[in-house]
Amino acid sequence: MPSAVYILNGPNLNALGRREPSIYGAMTLDAIRQACEEKAGALGLAADFRQTNHEGVLVDWVHEAAEGAAGIVINPGAYGHTSIALHDAIRAVAPLPVVEVHLSNIHAREAFRHVSMIAPAATGMICGLGPAGYTLALEAVAARLQG
Ligand code: CA2
């Protein structure tokens with residue numbers, strides 16, 4: 001059984017592909033899940049792909065990942081801009097690799113999206129590359145695991 005990378009998705013990402021395609025593209029979250037499962041398999045890993053609209057659930061999943069996951073890829077959605085709780089949770093699971101992903105280029109959008117609470121606690125961050133950000137993040141986790 002390959003090690004699982006937790007791929008965690010925050011609020012409203014369940015609506016992907018159904019609204020605002022000009023910002024977030026046409027791909028649904030389920031299609032992103034499939035792409036992640038394929039990429040993880042090719043890297044000798046498994047993908048445990050989840051979405052929630054609740055901040056505390058994301059915090060619980062980060063803690064759970066520390067119990068044996070190979071790493072975390074997280075699109076925290078809007079909680080990325082606001083959640084000190086998620087920042088603290090991610091700091092607490094170090095040195096587990098954690099890669100923050102945003103589909104859109106948060107730095108090219110409204111000022112309130114320019115700040116990430118997660119980035120200072122994460123291993124790295126990818127934004128603006130659309131769904132490819134998720135599979136690139138999986139490659140980064142795999143590279144970290146190989147040292
Ligand atoms: O670019 C990203 O991936 C974001 O994390 C997406 C969040 C946004 O709050 C962040 O600033 C950047 C929004 C999640 C998706 O929201 C949707 C809203 C309507 C239709 C489709 C998706």
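Please go through the range 90-103 and give me each residue that is crowded, with 24+ Cβ neighbours inside 10 Å and free of Cβ contacts under 8 Å to residues at least 40 places away in the same chain, ordered by number.
Correct list: ILE90, VAL98, GLU100, VAL101, HIS102.
Which residues, taken from the range 129-147, are of a type in the set (S, T, N, Q) and at pLDDT 95 or above?
Across the range 129-147, the qualifying residue is only THR135.
Do we have VAL101 as outside any loop (DSSP other than H, G, I, E, B) and within 12 Å of the ligand (Cβ to nearest atom) here?
Yes; evaluated as a whole, the condition is true for this residue.
Where the second residue is of a type in the set (Lys, Arg) and at pLDDT 95 or above and the first is under 14 Å from ALA47 (Cβ atoms) and surrounded by 15 or more Cβ atoms within 10 Å (Cβ to Cβ) and lies in the range 133-147, which pairs have Cβ atoms under 7 Å and are six or more apart or on separate chains?
Listed pairs, sorted by first residue: THR135/LYS39; LEU138/LYS39.
Within the range 2-28, how many residues turn out to be within 16 Å of GLY71 (Cβ to Cβ) and either within 8 Å of the ligand (Cβ to nearest atom) or surrounded by fewer than 17 Cβ atoms within 10 Å (Cβ to Cβ) (or both)?
2
Which one of the conditions (1) touching a Gly at 6+ places or on another chain (Cβ under 8 Å); (2) within 20 Å of CYS127 (Cα to Cα) does ASN14 fail to meet, given that it meets all the rest?
(1)
Return yes when PRO2 is within 16 Å of the chain's Cα centre (by Cα) and in a loop (DSSP other than H, G, I, E, B) and no when it is not. It would help to see each step written out before you state the result.
Working: within 16 Å of the chain's Cα centre (by Cα): no; in a loop (DSSP other than H, G, I, E, B): yes.
So PRO2 does not fit the description; no.
Kindly indicate whether any position in the range 21-40 is closer than 18 Å to PRO97 by Cα, over 15 Å from the mean Cα position of the chain (by Cα) and assigned to a loop (DSSP other than H, G, I, E, B).
No, the range 21-40 has no match at all.
Quick one: in the range 61-96, of everything that is touching a helix residue (DSSP H, G or I) at 6+ places or on another chain (Cβ under 7 Å), over 12 Å from ALA121 (Cβ atoms) and not in a helix (DSSP H, G or I), which residue is farthest from the ligand (Cβ to nearest atom)? Spell out how you get there, then give the answer.
First pass over the range 61-96, keeping only residues touching a helix residue (DSSP H, G or I) at 6+ places or on another chain (Cβ under 7 Å): 62-63, 70-73, 75-77, 79, 81, 83, 85-86, 89-90, 93, 96.
Pick out the ones that are also over 12 Å from ALA121 (Cβ atoms) and you get 63, 70-71, 73, 75, 77, 79, 81.
When the remaining residues are screened for being not in a helix (DSSP H, G or I), the result is 70-71, 73, 75, 77.
Working: ALA70: 22, GLY71: 19, VAL73: 12, ASN75: 5, GLY77: 4 Å.
That would be ALA70.
The values are calculated or read from the model by the stated rules, or taken from the named source; none is laboratory data. On a predicted model such as this, the values are computed, not experimentally measured, just so you know. Neighbour counts run over all protein chains shown; Cβ positions are idealised from the backbone, glycine included.
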